[in-house]
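What follows is calculated from the coordinates using simple rules that are stated; it is not laboratory data. Computed from a predicted model, the values in this text were never measured in an experiment. Glycine also receives a Cβ, built like all others from the backbone with ideal geometry; neighbour counts cover every protein chain displayed.
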Amino acid sequence: MTRTIGLLLFPGVEELDAVGPWEVLAFWTQFYPDDGYTAFTFSMDGGPIKCAKGMTIEAEYSFDTAPRRDVLIFPGGMGTRPMIDDEAMLTWTRAQRATTPLITSVCTGSLVLASAGLLAGRPATTHWKSLDRLAELDPTIEVRTEDRYVDDGDIITSSGISAGIDMALHLVRRLASAERAKEVRRLIQYDPMPPV
């Protein structure tokens with residue numbers, strides 16, 4: 001049976017938070033289908049989503065039509081800020097715990113997980129500018145200030161924006177193998193050497 005990875009989209013999602021992990025995971029699932037995973041995008045209503053910097057992305061499914069997920073990717077961006085106090089969104093996020101074996105976040109997606117109570121008593125991280133906010137939302141969280149991503153079993157959080165790519169490669173390693181993750185990293189030519 002093919003297992004599924006669902007990437008959540010929402011208005012104001014940070015482009016690279018979504019597209020970075022998508023590139024890794026979609027490349028992996030499309031070029032190595034025998035590994036048994038497929039990836040898709042979804043949003044509350046389906047259809048076009050305007051991202052934080054103006055890019056528009058088309059969500060394949062809505063909440064109602066999306067396939068069951070084995071892995072949920074919850075990106076960040078300014079669109080997460082209203083979600084922190086949106087009880088309907090928090091209720092939906094809590095409900096994922098019962099049906100989704102592995103929940104991951106990129107950047108400030110972890111703020112929504114924290115507000116929903118999913119990070120209580122766990123180690124976690126987020127964008128460096130939001131680390132204090134993460135601690136405010138739930139003081140029981142062990143905030144990891146230096147980690148690019150934190151794997152706590154059934155929940156993985158990652159720090160800001162580009163760290164989502166690292167987290168996605170870690171996912172490939174965890175769900176397939178270290179060798180597969182190295183192959184994907186090489187094929188997408190992800191060899192970070194910042195110019196500044």
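Yes or no: Leu113 assigned to a helix (DSSP H, G or I) and in contact with a strand residue (DSSP E or B) (Cβ under 7 Å, 6 or more places away or on another chain)?
Numbers: assigned to a helix (DSSP H, G or I): yes; in contact with a strand residue (DSSP E or B) (Cβ under 7 Å, 6 or more places away or on another chain): yes.
When the stated conditions are applied, Leu113 passes them.
Pairs needed: first member in segment 134-151, under 19 Å from Phe74 (Cβ atoms); second member anywhere, exposed (fewer than 15 other Cβ atoms within 10 Å of the Cβ) and of a type in the set (Phe, Trp, Tyr); C-beta distance under 8 Å; at least 6 residues apart or different chains.
none
Return the only residue of Asp85, Asp132 being over 19 Å from Met167 (Cβ atoms) and not in a helix (DSSP H, G or I).
Working: Asp132 fails: not in a helix (DSSP H, G or I).
Exactly one residue qualifies, and that residue is Asp85.
So, of the residues in segment 89-102 that are within 15 Å of the chain's Cα centre (by Cα) and over 18 Å from Ser62 (Cα atoms), which turns out to be surrounded by the most Cβ atoms within 10 Å (Cβ to Cβ)? Before the answer, list the steps.
Taking segment 89-102 as the starting set, the residues that turn out to be within 15 Å of the chain's Cα centre (by Cα) are 93, 96-97, 100-102.
Among the residues that remain, those that are also over 18 Å from Ser62 (Cα atoms) are: 97, 101-102.
Values: Arg97: 16, Pro101: 12, Leu102: 19.
Selected residue: Leu102.
Considering only residues that are of a type in the set (Lys, Arg) and part of a loop (DSSP other than H, G, I, E, B), which ones fall in segment 38-74? Full working, then the answer.
Taking segment 38-74 as the starting set, the residues that turn out to be of a type in the set (Lys, Arg) are 50, 53, 68-69.
Answer for segment 38-74, where residues must be of a type in the set (Lys, Arg) and part of a loop (DSSP other than H, G, I, E, B): Lys53, Arg68, Arg69.
For segment 1-37, which positions are outside any strand (DSSP E or B) and touching a Leu at 6+ places or on another chain (Cβ under 8 Å)? Talk me through it step by step, then tell me what you get.
Just the residues of segment 1-37 that are outside any strand (DSSP E or B), to begin with: 1-2, 9-36.
Hits for segment 1-37 are Ala18, Pro21, Trp22, Val24, Leu25, Phe27, Phe31, Asp35.
Can you report the number of residues in segment 88-107 which are of a type in the set (S, T, N, Q), part of a strand (DSSP E or B) and without any contact (Cβ under 8 Å) to a residue 60 or more places away in the chain?
From segment 88-107, those of a type in the set (S, T, N, Q) are 91, 93, 96, 99-100, 104-105; that's our starting set.
Applying the additional criterion that residues be part of a strand (DSSP E or B) yields 104-105.
Next, from what is left, pick out any that are without any contact (Cβ under 8 Å) to a residue 60 or more places away in the chain: 105.
Selection size over segment 88-107: 1.
Of all residues in segment 17-70 being charged (D, E, K, R), in contact (Cβ under 8 Å) with a residue 40 or more places away in the chain and over 15 Å from Ala176 (Cβ atoms), which is surrounded by the fewest Cβ atoms within 10 Å (Cβ to Cβ)? Explain how you work it out, then say what you get.
Filtering segment 17-70 for residues charged (D, E, K, R) gives 17, 23, 34-35, 45, 50, 53, 58, 60, 64, 68-70.
Those left that are additionally in contact (Cβ under 8 Å) with a residue 40 or more places away in the chain: 17, 23, 35, 68-70.
Right, trim to over 15 Å from Ala176 (Cβ atoms) and you get 17, 23, 68-69.
Numbers: Asp17: 32, Glu23: 17, Arg68: 9, Arg69: 21.
It comes out as Arg68.
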